[in-house]
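To start, the structure under review is shown below, and the notes come after it.
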Amino acid sequence: MRLFALVLIFFFSTRTCTEDVKSCPNGCECTDWKGYYVSCTDIATLPIFPGNTETLRLYETRLSSVPQDAFVNMVNISLIYLSVDVTLRSLEKHSFFNLKKITHVEIRNTRSLMSIDPEAFKDLPELKYLGLFNTGLTIFPALTRIHSHESNFMLEITDNLYITEIPANAFQGITKDALTVMLYSNGFTKIQHHAFNGTKLDAIYLHRNKELTELSEDMFAETISGPVLLDVSDSGVTSLPATGLESLRELSARNVWALKKLPSVKTFRHLIGADMTYPSHCCAFKNLKKKKGYLDYIICNLTAMRGQHYERSVGRITVPAVMDGTDKGIDISDPLLGNTYDHHDFLRSLHYHEFLGGHADYDMGFGDTLKNPQIATSQDFDSHYDYVVCEDGEAVTCAPAPDDFNPCEDIMGFSFLRVSVWFVSLLAVLGNMVVLFVLLTSHYKLSVSRFLMCHLAIADLCMGIYLLLIASVDLYTQSEYYNHAIDWQTGPWCTLAGFISIFATELSVYTLTTITLERWHAINFAMQLDRKLRLSHASAVMLGGWLLCLLLALMPVLGVSSYQKVSICLPMSTQNLLDQVYILFILVINIVAFVAICACYIKIYCAVHNPNYTSSRKDSSIAKRMAVLIFTNFLCIAPISFYAISAALDHPLITISNSKILLVLFYPLNSCANPFLYAIFTKAFQGDVFILLSKIGLCEQQAKLFRGQTISTRASSGDTNRRGIKTKILTRWNVQATATCHQSSVNKDNNTSRGRKCEPTANKSKHIQGMNSTMVFY
């Protein structure tokens, strides 16, 4: 009898298995390896699948829709894959309904899928993964009826180019536990407010959404917790929300060139890692350290106290109260608690263990090791991590790190520079504006010296404007330069500032050299009228100088070096040979100009200080002024040239931070000193000021005194013309007398001629002696 029963059992079980296999639908393949697996290809309608099916794969089908209760008979179904269907247009109501064991649903390459009913996915308590790839959807699908109970639900919506925005409450109702959303490579342009309302967010991946530019400030409003990871890499995002990022621990924003400004650093209270586009953004996190949560505080204090207990074996040990959150603590030496509370057991029971994301930061405020945010496989999200928490605070890891050209500091890295730059810039601007105003309104005819002084004042005024612009931006971006660095350095204003700086510097050097050469020429050829430098000559020389300086200033705009390399907008880029040649060329020009100025002033002094005559006070005055001129030029050119040449040769001897000291204290030295040394401190300029003030009733006595020193006694209204005629006659006589004296001295006996002094030659020396306050300095 027993044998008969065993035979019947074997017969019916074999028959059942055979019927199950035979019930495999047409166009499908069924296997029973590691669960019952059904794979169907090229079917137009969904057949009735075997009830014991666990995995269903639909590939290259021709479905028009997934109808209601299409899978209701498959009580064991856990995985459904639908891929490559060009005719599928809709998922009807209850397409995936009440499937108690379904864990994974994936729909791929269904470009005609335009509609998903709000109740297509409903009551799927075990669902942990839903993926929608490369569909024709135009609106974000309604998935709020899923009601999964899984602890880490993953939603992946990818390559849906026609979905333009994520609406409010889009993820509410998917799961009550942790949620990870992977929304990359879509057509999103905007994420609305309260989009993640009612969710416990672990990670949000928004990378490769090229059209995504707007993230609502309230997109994370009313979330239960999170997110702990946010990835917006390779997107068009222009700003991050200022609220809702308090729990964020990992931020990825690589190749987000439009993201130039970050929210306040206080927003990122628990950040442990950031991968940014611009190095300056890492400066925001330089002094930010990961904060410990309340549970961290308990664990670390208990650990420390246990160590103290073992070392001392005496004293009362208290730990913070876990439940009430007060600072009173629990006295574990209390006899009432001695039998029921063991802090060693408590430590062993607090195994702080979670996977990616976890819970709110009021539970756990310390860092976790996060996965690579670009990996899109669901298996990686099941990895769990333990954490080392009892440290003083971990600095945020950020890339790319700031380089030597862009250190983490304001434009003016030192406080004294921030004050000094205002003083220097205002001095340069006001001083040169005064010089220009007086020269252009003077009653005297524009001479070569005055003409050149005007150009020098314009160049130095431009330098003052550059410094004023730098000082203003520094004041505006103080303590938050990292948020403005990109806009400033890549914007038009930095380029303009750099252009003004190089143009002003080179024009100033060029004009100083021209002024020096003109004075040397005027003194050496004072008695030769045919070699006198005229205004037309000076105009041609300065026109060439302007063109040269404009060309040099335009080179970084045209791609040779760059004004965008550093915050002070100077061409410090030496990435290639052409950049190095450009910088070295400018430096060599400045050095050659300095040498020429020094040589000319030495010759001028030798010409004026004639050894045949006793030295006068005016000689000493001239020597002192020339020494000051040479010294200021040396201070301006030497330090900058020395360090700049070493940097251009890739061997910098000074940091960018310290180079800003040269920028403020040495670089504009000439621009501040020139209006005083070449104009304001000269008697001729002071006389012009008195005459100008006398027109409004001020300083009339000083103006009369100055006129009396420079103008001959007037007998009538024609005195001025007669004086001009007289000057020309005397000049002509001196020239003729000089020639006569020279000719006669040749014809005379050698002994006689050696002891003879020509009167015109003596007059020439006296003429040179009288030029010390006019031709040499003004």
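Looking only at segment 547-560, count how many residues are free of Cβ contacts under 8 Å to residues at least 40 places away in the same chain and not small (Gly, Ala, Ser). Spell out how you get there, then give the answer.
Keep residues of segment 547-560 that are free of Cβ contacts under 8 Å to residues at least 40 places away in the same chain, which gives 547, 551, 555, 558-560.
The next check asks that each one be not small (Gly, Ala, Ser); those that pass are 547, 551, 555, 558, 560.
Qualifying residue count for the region: 5.
Among the numbered conditions (1) part of a helix (DSSP H, G or I); (2) at pLDDT 85 or above; (3) of a type outside the set (Phe, Trp, Tyr), tell me where residue 347 comes up short.
Just one mismatch for residue 347, condition (2).
Answer yes or no: is there a residue in segment 469-482 that is under 28 Å from residue 547 (Cα atoms) and assigned to a helix (DSSP H, G or I). Before you say what the answer is, go through the steps one by one.
Within segment 469-482, the subset under 28 Å from residue 547 (Cα atoms) is 469-470.
Checking the rest, the ones that are also assigned to a helix (DSSP H, G or I) come to 469-470.
Yes - at least one qualifying residue is present in segment 469-482.
How about segment 33-71: which of its residues are touching a residue at least 24 places away in the same chain (Cβ under 8 Å), hydroxyl-bearing (Ser, Thr, Tyr) and in a loop (DSSP other than H, G, I, E, B)?
36, 53, 61, 64
Is there a residue in segment 436-444 that is touching a residue at least 60 places away in the same chain (Cβ under 8 Å), under 17 Å from residue 535 (Cα atoms) and in a helix (DSSP H, G or I)?
There is at least one residue in segment 436-444 that is touching a residue at least 60 places away in the same chain (Cβ under 8 Å), under 17 Å from residue 535 (Cα atoms) and in a helix (DSSP H, G or I).
Mind listing whichever residues of segment 561-586 are in contact (Cβ under 8 Å) with a residue 60 or more places away in the chain and surrounded by fewer than 17 Cβ atoms within 10 Å (Cβ to Cβ)?
Within segment 561-586, 584 is the sole residue that qualifies.
What single numbered condition from (1) modelled with pLDDT under 90; (2) buried (at least 20 other Cβ atoms within 10 Å of the Cβ); (3) out of contact with any Leu (no Cβ under 8 Å at 6 or more places or on another chain) fails to hold for residue 287?
So the condition that residue 287 fails would be (2).
Which members of segment 125-155 meet the condition of being touching a Lys or Arg at 6+ places or on another chain (Cβ under 7 Å), among the polar types (S, T, N, Q) and surrounded by fewer than 21 Cβ atoms within 10 Å (Cβ to Cβ)?
Scanning segment 125-155 gives a single hit, 134.
If I ask for residues that are surrounded by fewer than 18 Cβ atoms within 10 Å (Cβ to Cβ) and farther than 13 Å from residue 38 by Cβ, which ones from segment 63-89 would you list?
Residues satisfying the conditions are 64, 67, 68, 69, 72, 75, 83, 84, 86, 87, 89.
Which of the residues spanning segment 210-232 are surrounded by fewer than 23 Cβ atoms within 10 Å (Cβ to Cβ) and of a type outside the set (A, V, I, L, M)?
210, 211, 213, 214, 216, 217, 218, 222, 223, 225
Considering every residue within segment 164-185, establish whether at least one is in contact with a helix residue (DSSP H, G or I) (Cβ under 6 Å, 6 or more places away or on another chain) and under 29 Å from residue 64 (Cβ atoms).
no
Which residues, counting only those in segment 680-700, are outside any helix (DSSP H, G or I) and among the polar types (S, T, N, Q)?
Of the residues in segment 680-700, the ones outside any helix (DSSP H, G or I) are 681-682, 695-699.
Scanning segment 680-700 gives a single hit, 682.
Taking the stated definitions as given, is residue 506 assigned by TED's automatic domain parsing to the domain that holds residue 645, at pLDDT below 90, in a helix (DSSP H, G or I) and charged (D, E, K, R)? Break it down into steps so the answer makes sense when it comes.
Numbers: assigned by TED's automatic domain parsing to the domain that holds residue 645: yes; at pLDDT below 90: no; in a helix (DSSP H, G or I): yes; charged (D, E, K, R): yes.
No.
I'd like to check something: does segment 109-117 contain any residue that is in the same structural domain as residue 73 (by TED's automatic domain parsing), surrounded by fewer than 22 Cβ atoms within 10 Å (Cβ to Cβ), under 14 Å from residue 174 (Cβ atoms) and not β-branched (Val, Ile, Thr)? Reasoning before the result, please.
So in segment 109-117, the residues in the same structural domain as residue 73 (by TED's automatic domain parsing) come out as 109-117.
Going one step further and asking which of them are surrounded by fewer than 22 Cβ atoms within 10 Å (Cβ to Cβ), we end up with 109, 111-112, 114-115, 117.
From the residues that got through so far, the ones that are under 14 Å from residue 174 (Cβ atoms) too are none.
No; the residues of segment 109-117 include none that is in the same structural domain as residue 73 (by TED's automatic domain parsing), surrounded by fewer than 22 Cβ atoms within 10 Å (Cβ to Cβ), under 14 Å from residue 174 (Cβ atoms) and not β-branched (Val, Ile, Thr).
Is it true that some residue in segment 182-199 is more than 29 Å from the chain's Cα centre (by Cα) and basic (Lys, Arg)?
The answer is no; no qualifying residue exists.
The values are calculated or read from the model by the stated rules, or taken from the named source; none is laboratory data. From a predicted model like this one, the values you see are computed outputs, not experimental measurements. Cβ: placed from backbone, ideal geometry, glycine included. Neighbour counts: every protein chain shown.
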